[in-house]
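Shown next, in structure tokens, is the structure this report addresses.
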Amino acid sequence: MTEQMKKKIEQFCIANDLLHKKDGIVVGVSGGADSVFLIYFLKEIMERWELRLHVVHINHGIRGKEALHDEQYTKELSKRFSIPCTIFRENIPKRATEWKMTEEEAGRTYRYQCFEKVRQELGFDAVAIAHHQNDQAETVLFQMLRGSSLRGLGGIRPKRGYIIRPLLLCNREEIENSLQEEHISYCTDQTNGQNDYTRNAIRNCIIPAMQKYIQPKAAQHIAKSGMYLQEVMEYLDRERDRIYERIVTQLQEEQINGYRIRRSDFVQLPSVMQKEIIMKLFEQTAGRKKDITTANVEETVKIFLGETGKKAMLPYHMIAERSYEDLYLYRKEEQSKHVEFWEDELVLGKTYIFQIENEKQMQVTFYRKDISEMKENNQKKLCTKCFDYDKMGIMPIFRYPRSGDYMWIDANGHTKKLSRIFIDGKIPAAQRKETPVLAIGDHIVWIPLLGRVSPYYYLTESTTRVLCAQTANNERLCMAK
Ligand SMILES: Nc1ncnc2c1ncn2[C@@H]1O[C@H](COP(=O)(O)OP(=O)(O)OP(=O)(O)O)[C@@H](O)[C@H]1O
């Protein structure tokens, strides 16, 4: 590796706060050119930076012999570099069916779980993966084509949580040339990208055409624009937070979660900042971004700049309102308590995936069955939990806890507050809000994390219809050191 290239990557790492002296780094190595180059680069600087490195390779159980070859190659390379290596083997097609994802998505999800698992076990500081400039250009173009927001157009970030991407400024050609010069071989994935039609088209048709007909350095320029946009967005975020601090006041009324802005402050802001502030208000009030659209933002701007007394009803029961000189965005907790569709209504057959403590994931899929069908096929064994659907009357909701939730704790109808059950179940305070429950109104049917079912919904002799829940936790199949 030339000194110049090493310097370029190191400078990128420093500028983006990716590496620090004495860091412990898990490195995702597939055996392909990019990740082989990444481990080679990190090995080169290891001594000077006093790094501790650990390679992780995942065999997805998809490409048979070829996958075994990649696994073997990664093991040998790690040995040659004297870096410890952990191999995971998983049947990703099976996982994909269970998780109701494409194989690509399931592979990616599983990979990130493995990286994080090893990072935590070793107490390391980061997980390095080998996305590079061409990946960046593909992502930016892809986002542009699907009509993404400005944030999405920035593409891949050099750092997200524990994940770091030191090679984002290197292009594929220089990576491959560099490996060739050092006589370091690598594996080639024959199926690379085949399952991902859009990405494949961008990689193999669109970017080459741009480079042939318009600009030979198209990929490089697109990637650079993305990185530049990231910088702009970071600046905008900082500005937004500064202005937010100055003009937004939290409401103190009981049962209301909301904020106030003086209209005179809001109208002075440039339009882009008005929208940024509103988006942040949504996040603060609702506690999440999902399901909030740019149309909601625009509607709120209209209310805030429009006539006094007008209101807009928004997702998560939020209300935007202008009242003379003040603008409000709030959510009445009392009101939301009695509304059934606080979260989505349960969708049968859909797999719900959620984080439980320490980034672990849990998955649950719901089915509805007749009791005769279950008895016939002895299906009860396949279900993690069964509930009496006759007693439900309506489809329950799989949602996060809210105040007022309670559960039957015995067959006589004695109840206990959900918050108390969490305390008794030793679920840490910070995690309680993020622990999904199955509920009908405020009556909790099931708490998956504690494995508790309300006795009210136990199956009885007279049950005719059953709601079943099947859970699957991600457990690795093999971990060889
Ligand atoms: N089988 C694997 N074992 C270990 N690390 C892997 C494996 N596959 C990929 N990686 C790591 O993840 C990086 C990115 O891989 P890849 O581009 O295939 O996609 P991805 O994570 O699916 O991301 P995206 O599709 O969003 O670009 C690789 O450069 C490598 O560092």
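Residues in the range 85-118 that are under 17 Å from His57 (Cα atoms), assigned to a helix (DSSP H, G or I) and open to solvent by less than 20 Å² (accessible area, probe 1.4 Å): Ile92, Ala106, Gly107, Tyr110, Cys114, Phe115, Val118. Of the residues making up the range 261-273, those that are surrounded by 16 or more Cβ atoms within 10 Å (Cβ to Cβ) and within 35 Å of the chain's Cα centre (by Cα) are Ile261, Phe266, Leu269, Met273. Within the range 272-288, the set of residues being on the phi < 0 side of the Ramachandran plot and either free of Cβ contacts under 8 Å to residues at least 24 places away in the same chain or outside any helix (DSSP H, G or I) (or both) comprises Met279, Glu283, Arg288.
Here is a check on your reading of the model: is Ala469 surrounded by 18 or more Cβ atoms within 10 Å (Cβ to Cβ), within 27 Å of the chain's Cα centre (by Cα) and outside any loop (DSSP other than H, G, I, E, B)? Spelling it out, Ala469 is indeed surrounded by 18 or more Cβ atoms within 10 Å (Cβ to Cβ), within 27 Å of the chain's Cα centre (by Cα) and outside any loop (DSSP other than H, G, I, E, B).
Scanning the range 26-80 for residues that are closer than 16 Å to His131 by Cα, touching a residue at least 40 places away in the same chain (Cβ under 8 Å) and not in a helix (DSSP H, G or I) yields Val26, Val27, Gly28, Val29, Ser30, Gly31, Gly32, Val56. Annotation note: of Ile444, Ile423, Ile394, the sole residue that is of a type in the set (Val, Ile, Thr), surrounded by fewer than 16 Cβ atoms within 10 Å (Cβ to Cβ) and at pLDDT 85 or above is Ile423. A search for C-beta distances below 8 Å between a residue of the range 148-175 that is of a type in the set (Lys, Arg) and any residue that is in a helix (DSSP H, G or I), counting only pairs 6+ apart in sequence or on different chains, returns Arg151/Met233; Arg157/Gln230; Arg172/Ala33; Arg172/Asp34; Arg172/Gln133; Arg172/Asn134. Would you confirm whether any residue within the range 123-142 is more than 28 Å from Ile184 (Cα to Cα), buried (at least 22 other Cβ atoms within 10 Å of the Cβ) and more than 10 Å from the ligand (Cβ to nearest atom)? Yes, the conditions are met somewhere in the range 123-142.
All told, Leu236 falls short of being under 30 Å from Ala137 (Cβ atoms), in contact (Cβ under 8 Å) with a residue 12 or more places away in the chain and either open to solvent by less than 20 Å² (accessible area, probe 1.4 Å) or touching a Gly at 6+ places or on another chain (Cβ under 8 Å) (or both). Can you confirm whether Asp70 is open to solvent by 20 Å² or more (accessible area, probe 1.4 Å), within 15 Å of the ligand (Cβ to nearest atom) and closer than 19 Å to Arg172 by Cβ? Criteria not met by Asp70. Within the range 242-271, the residues that satisfy the criterion of being touching a Leu at 6+ places or on another chain (Cβ under 9 Å), assigned to a strand (DSSP E or B) and not small (Gly, Ala, Ser) are Val248, Asn257, Tyr259, Arg260, Ile261, Arg262. If you go through the range 13-50 and keep only what is under 25 Å from the mean Cα position of the chain (by Cα), open to solvent by less than 20 Å² (accessible area, probe 1.4 Å) and more than 16 Å from the ligand (Cβ to nearest atom), you end up with Asp23, Gly24.
The values are calculated or read from the model by the stated rules, or taken from the named source; none is laboratory data. Quick caveat: nothing in here was measured; it's all calculated off a predicted structure. Neighbour counts run over all protein chains shown; Cβ positions are idealised from the backbone, glycine included. In case anyone asks, the SASA skips ligands and DNA or RNA and just uses the protein heavy atoms, side chains included. Shrake-Rupley method; radii C 1.70, N 1.55, O 1.52, S 1.80 Å.
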